[in-house]
Structures are given as C-alpha cells and as structure tokens.
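Presented below is the structure to which this report refers.
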Amino acid sequence: MTDKTTTLSDAIASLVRDSDKVVLGAALETAIPFAATYELIRQGKRDLNMIAPISDASTDMLIGAGCVGAITGAWVGNVSGGLGHNYRRAAEKGIPNKIVINDYSNFSVGMALFAAAYGMPYAPVRSILGSGIAENPTFKKAQNPFAEKDEPVVLVPPLKPDVTILAVQRADRGGNCHFWGSNGLCQEAGLAAERVIIVANEIVDDSVIASDPSRILVPGFRVDAVCEVPAGTHPSPLTGRWLRDSAFFNDYHARSRDVDGFKAWLDEWVFDPGSPEAYTEKLGSRLDELRIKGEQLAAPANYAAE
C-alpha cells in the first residue's frame with residue numbers, strides 16, 4: 001500500500017491550483033473541512049470556482065479573502081445566520097472582487113456531480129422547470145423520449161471538479177477512509193474529481209478500514225493525499241466525534257457583516273494561528289466541550305466468508 005499521508009499545507013500546495021473547480025466538503029452541514037478552507041486562504045489561492053453544495057460558511061470565508069472567481073451552486077451563506085455577507089458584497093458590489101455565479105438548484109448540482117461520477121453524458125431533471133435556474137446556458141431543454149405526450153426535461157451536464165476535499169472520521173495511510181452519518185454528495189464529489197484530498201480526524205491501521213469495507217466512502221486508489229487533522233472540521237460537526245460550534249458560526253456571521261470586521265476575524269482565526277495545530281490550541285477547553293463523549297454504536301456486521 002502506497003503511503004499517501006502528508007500535511008494539509010503540502011497537500012493544498014501541490015494539489016490545488018489557481019482557477020481550479022473545487023468541492024470543499026459535500027455532506028451539506030456536517031463534515032466540512034474548515035481546516036482546508038483556512039489553508040487555502042493562507043496560501044492565497046485565487047480564482048477558484050467553488051462548487052457549493054452548502055458547506056456552510058466556508059465558501060463565504062474564501063470569497064471574503066479574495067480566493068474565489070466563480071460560484072457553481074445554489075447558495076452561499078451561514079446556515080444558522082442566513083446569506084453570507086461576503087457573498088452578498090461580491091455579488092452586488094464586486095468586493096473584494098467580482099464573482100461569476102453559475103446558478104444551480106441544490107438538486108441539480110447534486111445530479112451534475114452524480115453524472116460526472118458515473119460517466120453519464122447528462123442527468124435529466126424536471127424540478128427546475130418553470131424557474132429562472134432552468135435558463136442557465138449550461139443546461140439544455142429536451143423532450144422525454146419515453147413519455148406518451150409532451151414532457152419537457154432539463155439536461156444537466158456532468159460537473160467534474162478538479163479537486164474534492166472531504167472530511168472523514170478515519171482513514172488509513174493509503175487513503176481508504178471510513179465515514180458514517182449523512183454523507184450528502186461526498187461520494188459523488190469524490191468519484192467525480194480529478195484529485196481527492198482526505199482530511200481525516202485520525203489515521204488508523206489499514207486492518208481497521210478493511211474490517212468494515214461497506215463504510216468506505218472513497219477507495220484509496222482514488223485518493224491523492226490523506227491528512228490527519230484532529231478537529232479539522234471545526235466549527236462544523238462530525239458524526240460521533242464533534243458537536244457543532246453554533247456560537248462560533250454566530251460570531252463569524254456577526255463580525256463578517258462589514259469588511260473590517262471580517263478582516264479582523266480572518267487575522268484572529270486564520271492568519272494568527274497559522275496552522276491546524278495552533279488553531280486547535282487556540283480553541284483550548286472550548287474544543288473539549290465540543291468533543292462527543294457518549295456512545296450509540298451500530299449493530300455489528302458479520303463479514304465472515306465461511
């Protein structure tokens with residue numbers, strides 16, 4: 001097994017390029033690799049096209065830091081607070097820079113990733129008919145060839161990320177990773193991408209991963225780098241490991257309401273710590289309060305061959 005472990009800083013530096021199409025977490029409100037968000041900002045990546053299946057406030061942070069040139073998705077914001085202030089400033093005033101918005105619904109962006117993951121030429125959807133989203137020039141309208149009467153559909157082309165960064169509970173050194181809980185679009189985004197970075201809460205022996213193959217989210221042969229970053233999802237939750245830090249999200253939303261407040265927040269939580277290790281040290285006892293200490297275990301599964 002090839003050892004694919006590396007630091008998050010090195011993985012971002014070598015695998016994420018300016019103008020890349022990037023998925024940064026795809027489990028919707030959980031398992032968002034915020035540690036990767038901070039590292040993208042510290043390294044000054046530019047003109048990223050963020051494929052945004054929610055990922056809470058992470059994309060808003062990247063926009064405010066000047067890292068984003070385009071958004072491909074339905075919405076950017078702070079789930080507990082509303083539309084992202086940096087997103088609104090960029091869309092309405094071009095601050096800190098203009099961004100292109102490729103308008104999708106949550107369902108259609110999911111189907112676009114699904115089509116890319118499984119080699120489909122397009123995914124037919126009906127849910128956006130009658131909306132302005134259907135006028136996205138990327139889409140094409142057609143008739144359902146199997147319908148007995150007129151039945152229009154929208155053909156959504158595959159959406160292939162250059163890089164997908166996913167957070168998981170554990171992985172081995174070869175990049176085989178276990179994930180449990182609602183995984184949203186993680187598997188589709190991982191299988192569709194050219195390059196995959198795994199941000200693991202812990203690195204475990206490969207025998208642990210092999211003991212439960214059905215829990216593997218993305219197989220190691222599709223992974224380019226695996227990075228051990230305990231609490232690398234903070235402030236988002238990670239099933240069985242970390243609670244959601246709602247107070248942190250609320251503080252970010254309030255302080256990012258104006259540019260100066262956002263810059264002060266960025267200095268405090270991204271540039272001043274400078275690394276995932278210093279970030280968790282800064283959180284101190286707050287992090288221990290967010291650690292899930294109880295257990296609600298799944299029933300064992302028997303994989304015996306005879």
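Normalising by residue count, region 1-117 has a Cα convex hull of 111 Å³ per residue. Measuring nothing but how far apart in sequence close Cα pairs (under 8 Å, 6+ apart) lie, relative to its length, region 1-65 scores a relative contact order of 37 percent.
May I ask you to derive the FRET efficiency for ASN302 and SER182 from their Cβ-Cβ distance with R0 = 22 Å, giving the value to the nearest 0.05? According to the calculation, E is roughly 0.30.
Please report the relative contact order for the chain, taking Cα pairs under 8 Å with a sequence separation of at least 6, and give it as a percent rounded to a whole number.
Details: 656 pairs, mean separation 60.4, N = 306.
RCO, the chain: 20 percent.
For a paramagnetic label modelled on ALA264 (point 7 Å from Cα along Cα→Cβ), amide N atoms under 20 Å away belong, within region 57-96, to 61-62, 64-66, 85-87, 89, 96.
Using Cα pairs under 8 angstrom and six or more residues apart, how large is the relative contact order of region 145-293, in percent?
Values: 215 pairs, mean separation 30.4, N = 149.
Reported relative contact order: 20 percent.
Among the trypsin sites (Lys or Arg not before Pro) in region 245-305, those located in a DSSP loop and surrounded by at most 15 other Cβ atoms within 10 Å of their own Cβ are ARG257, LYS293.
For the chain, the number of Lys pairs with C-alpha atoms closer than 19 Å, counting only pairs eight or more positions apart or on separate chains, is 10.
Put simply, the amide H of ASN183, placed in the peptide plane, has no neighbours under 5 Å, leaving out anything fewer than 5 places away on its chain.
The stretch between ARG215 and MET1 holds 75.1 nm of extra length on full extension. This uses 0.36 nm per residue minus the Cα-Cα distance. In region 58-169, the C-alpha radius of gyration followed by the widest Cα-Cα span (Dmax) gives 16.3, 52 angstrom.
Size of the dipole of the chain about the Cα centre, Lys and Arg at +1 and Asp and Glu at -1 on the beta carbon, nothing else charged, in debye to 20? Provide the component values of the computation, followed by the final result.
On the way: 29 positive and 38 negative charges, 149 e Å.
Charge dipole, the chain, about its Cα centre: 720 debye, nearest 20.
A cut-off of 5 Å between modelled amide H atoms, ignoring neighbours fewer than 5 places along the same chain, links ALA123 with VAL156.
Read-outs throughout are calculated quantities, based only on the coordinates presented, and are distinct from any laboratory measurement. Please read all numbers here as calculations on a predicted model, not as lab measurements. Cβ atoms come from the backbone with ideal geometry, glycine included; neighbour counts cover every protein chain shown.
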